[in-house]
Structures are given as structure tokens and as C-alpha cells.
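**Student:** Sending over a structure as C-alpha cells; questions will come in a sec.
The values are calculated or read from the model by the stated rules, or taken from the named source; none is laboratory data. Here the structure is a predicted model, which means the values were calculated and not measured. Heads up, the Cβs are rebuilt from the backbone with ideal geometry, glycines too, and the neighbour counts pull from every protein chain shown. Surface areas here come from the heavy atoms of the whole protein model, side chains and all, with no ligands, DNA or RNA. Shrake-Rupley method; radii C 1.70, N 1.55, O 1.52, S 1.80 Å.
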Amino acid sequence: MDNRSKRILIVDDTPENIQVLGAQLRKQEYMINVAQNGQQALDVAAKTKPDLILLDVMMPVMDGFTACKRLKENPETADIPVIFLTARIESQDVVKGLDLGGVDYVTKPFNAAELLQRVSTHLKIRDLQTSLEDRVNELDAAAKIISRMARENESFLRHELNNAISPVLGYADMLLKNPDLAVEKRIKWTQKIKSNAQGMGDLLNALRDLQALERGSHTLSKKPCDVEHLVMEEISNLEIQYGNGLKINFDSSCDSAEIHADPGFFPGVFRNLLKNAVEHVHVLPQTDQGLGVVMSDSEDTITVTIKNGGSPIPADLIPTFFEKFNSTKVSGGGTGLGTSYAHVVVTAHDGTIDVTSSTEHGTAVTVEMPKHS
């Protein structure tokens, strides 16, 4: 404990006592303030916030007991430890002082070594109490964060399962509406249903790990992945899901589209971003919504840009576009979790993700990933 950082308030109506106490405490490098009655003690304590108060009992204007009671009633000074200085050693006086909130007492004439030891002990106790309170506050804050994350993860689960089940319902509906469908297409759509149903199980496992991924405590299981295949698969699912002539244009000039990614997490990036782009516009078959995906590559990176021609995102929402619960969908509602998911996963894979939006060019989300080598 560094005594030079500790401030002690001496309260005594006898100047000689203040001088003796002050000299002893200054030798230990404590900072000192003084007061000569209870009222002065209240004023000085409120201004200087001492770490400990040495408080005489018998004083004019306001005695030590009254001053201690007032100190403990004030939230700003209630936690300051008070050691009574008294020539009265009757047990009822000692008990009264402790009942009023004092932590200790020293009888006059005092022994310097004993006084300094008690001062040091109670300063250490106060430091420990402060550290404990800080720790409790940290744990309380952590508990609130955990509770919030649990709620967010529950919302994530509902949101992502809804994304995954929509293609299943879409393919099943198409099968029911086309009883005379060719066997080859029927098999293909049935396989799609099975694949997406299995994907829901994978999704549950992936979402279980998402919180760990956000904390940086989850190790990704990366494998070679063809980005072009992932994007085309998600486009196909959305076009079946929405129907009504929805068309998402796809343009790729990639020589190589392979990245190193966790297949449990990464497909969700394009699933969420594409669905967000579709829902950001009013999907009308007779209107060109400018929905499209453009892929390109360089020597070291692959860039995927997902575009829509809907209303631009307000400039004040751009900085929070990838935060949870900041939905920009024109239809209202939405959780904003999809873009947050994409940001977390892309960042965890050492990629970058960005958004631009204007009236002239619409909204574009760009994902850039390092190529697999």
C-alpha cells in the first residue's frame, strides 16, 4: 500500500493533539487534512473525500458521535472508516461509537505505534472492501452481459432456423403443387429438402458455438470451400423460397474461388446477406430490383459483392449496420441479426466486410476473403 496516495482527516479541538497526530502520520507519508469540530469535519470530508477519519469524541459545536452519524447518513462519505479518539473508555461509549458506524477507537493519551498500526490496518481493510465491491460490480456486469447474450442467442436461433426451414417449405410446396413432376426433378427437390433439414441440425450446433466465436474462444474447423458454389446454392434456395419470378443475377469473373473456411459457419454469411438484400426491397416480379451478386478475385483475395436497388440506408444507420438488432429493412421488423452474424463470421475468418449505400447505386455489401493456398 502506497501511503502517499492515502488521505487522513484529523478531527480534534485541541491544536496540540492535531500537531502530534499530524507529525506521526506525515512521517509515514500520509496526506493530512484537519478540522477542529464535527461540523468542520463534515465540510472537509465532503470536499476532500479522505480515506480514513480520526475523530475526537468530545468537541464543541458538534461532538464526534453526532458527526459520525451525519457522515454515515451521507452516501458520499458513508464508506469512509472512522476511528474514534477518546479519553472516555466506558464500555457504553465504545459500543455507542461502533453502533454509529465507527470501525475502531483509540484512547487518549494514545500510543503512536498502536495508532499507526490501526490506521494501516483499517486502510488495508478499506482497500480490500473497495476491491471486493469492484469485483462484485464486474461480476454483476458480466452476469448482465451473459443474460443479454443468452437472449441474443435465442433470437439468433429463431432467426437462423427460420432461414433454414424456408427452403424446405418452399420445395415441399412445389412438390405438392406439381404431382406430375418429372421423376428427376422430384428426386432433386426431395434431396434439397433432406439437405436443408440436415442443415438445420448443423445450424443448431453452429449457433451453439457462435457465442464462443464472438468471445474468440472457439477454434474454427477450416476446410477448402468453393465460394462460387456456396453463393449459387443460397441463390437457388432463395429463388425457390420466394418464387414469383424472383431473379438474383450472378456474375463471376473468378479464376479461382476457393477459400479456407469452416463449413458449419461460412455458408450462413451468404444466406443472411442475400436474404437481407431480398427483404430490403419490395420483391415485385415486374420491377427490376437490381438484386445481384458480383464475384471477382485477385492474386490473394476473393471479393463477393451483394447488391440491391432498394431505398438507400440512412447515413446515420451505416455505422451500426453490422450491430445486432439494427435492422434496416424497408418493411419494418427484422432483427438485424443476419448482418451481425455475417460480420462475426467473416471477421473470425480473417476477412473484411463493408457496406455502402446511395440513391444512385443502391446498397452493396462487400465481403473480401483471403484465397486458400
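**Student:** Would a scan of the stretch 1-9 turn up a residue that is closer than 22 Å to residue 132 by Cα, among the acidic types (Asp, Glu) and surrounded by fewer than 16 Cβ atoms within 10 Å (Cβ to Cβ)?
**Tutor:** yes
**Student:** Take the residues in the stretch 194-213 that are at pLDDT 70 or above and crowded, with 18+ Cβ neighbours inside 10 Å; name whichever of them is farthest from residue 253 (Cα to Cα).
**Tutor:** The selected residue is 213.
**Student:** Also, I was wondering about something else. Which pairs do you get when a residue that is assigned to a strand (DSSP E or B), found in the stretch 218-241, comes within reach of a residue that is among the β-branched types (Val, Ile, Thr), reach meaning Cβ atoms under 9 angstrom, with the pair 6+ apart or on two chains?
**Tutor:** 224/259; 225/259; 226/259
**Student:** Sticking with this one: Picking from 109, 75, 50, which residue would you name as being under 22 Å from residue 20 (Cβ atoms), open to solvent by 60 Å² or more (accessible area, probe 1.4 Å) and free of Cβ contacts under 8 Å to residues at least 60 places away in the same chain? Reasoning before the result, please.
**Tutor:** On the way: 75 fails: under 22 Å from residue 20 (Cβ atoms); 50 fails: open to solvent by 60 Å² or more (accessible area, probe 1.4 Å).
Exactly one residue qualifies, and that residue is 109.
**Student:** With the requirement that a residue be in contact with a helix residue (DSSP H, G or I) (Cβ under 7 Å, 6 or more places away or on another chain), among the hydrophobic types (A, V, I, L, M, F, W, C) and open to solvent by 20 Å² or more (accessible area, probe 1.4 Å), what does the stretch 10-46 give you?
**Tutor:** Kept after step one, since they are in contact with a helix residue (DSSP H, G or I) (Cβ under 7 Å, 6 or more places away or on another chain), are these residues of the stretch 10-46: 10-12, 24, 28-30, 32-35, 38, 41-42, 45.
Now drop any that are not among the hydrophobic types (A, V, I, L, M, F, W, C), which leaves 10-11, 32, 34-35, 41-42, 45.
Hits for the stretch 10-46 are 32, 34, 42.
**Student:** Restricting attention to the stretch 330-353, which residues are of a type in the set (Gly, Ala, Ser), modelled with pLDDT under 85 and on the phi < 0 side of the Ramachandran plot? Write out each step before concluding.
**Tutor:** From the stretch 330-353, those of a type in the set (Gly, Ala, Ser) are 331-334, 336, 338, 340, 342, 348, 351; that's our starting set.
Okay, now just the ones that are also modelled with pLDDT under 85, so 331-334, 336, 338, 340.
Matches in the stretch 330-353: 331, 338, 340.
**Student:** Looking at the stretch 53-65, can you tell me whether even one residue there is among the β-branched types (Val, Ile, Thr) and exposed (fewer than 14 other Cβ atoms within 10 Å of the Cβ)?
**Tutor:** The first filter runs over the stretch 53-65 and keeps only residues among the β-branched types (Val, Ile, Thr), leaving 53, 57, 61.
Restricting the remaining residues to those that are exposed (fewer than 14 other Cβ atoms within 10 Å of the Cβ) gives 61.
Yes, the stretch 53-65 has at least one match.
**Student:** Then there's this: For the stretch 251-272: of the residues being modelled with pLDDT of 85 or more and open to solvent by 70 Å² or more (accessible area, probe 1.4 Å), which is farthest from residue 224 (Cα to Cα)?
**Tutor:** Selected residue: 251.
**Student:** Moving on. Quick one: residue 327 ticks every box in (1) at pLDDT 85 or above; (2) farther than 20 Å from residue 249 by Cβ; (3) among the small types (Gly, Ala, Ser) except a single one, so which number is it?
**Tutor:** The number of the failed condition is (1).
**Student:** Here are some residues: 103, 95. Which one is exposed (fewer than 13 other Cβ atoms within 10 Å of the Cβ) and more than 17 Å from residue 18 (Cβ to Cβ)? Walk me through it before giving the result.
**Tutor:** Values: 103 fails: exposed (fewer than 13 other Cβ atoms within 10 Å of the Cβ).
Going through 103, 95 in turn, the sole match is 95.
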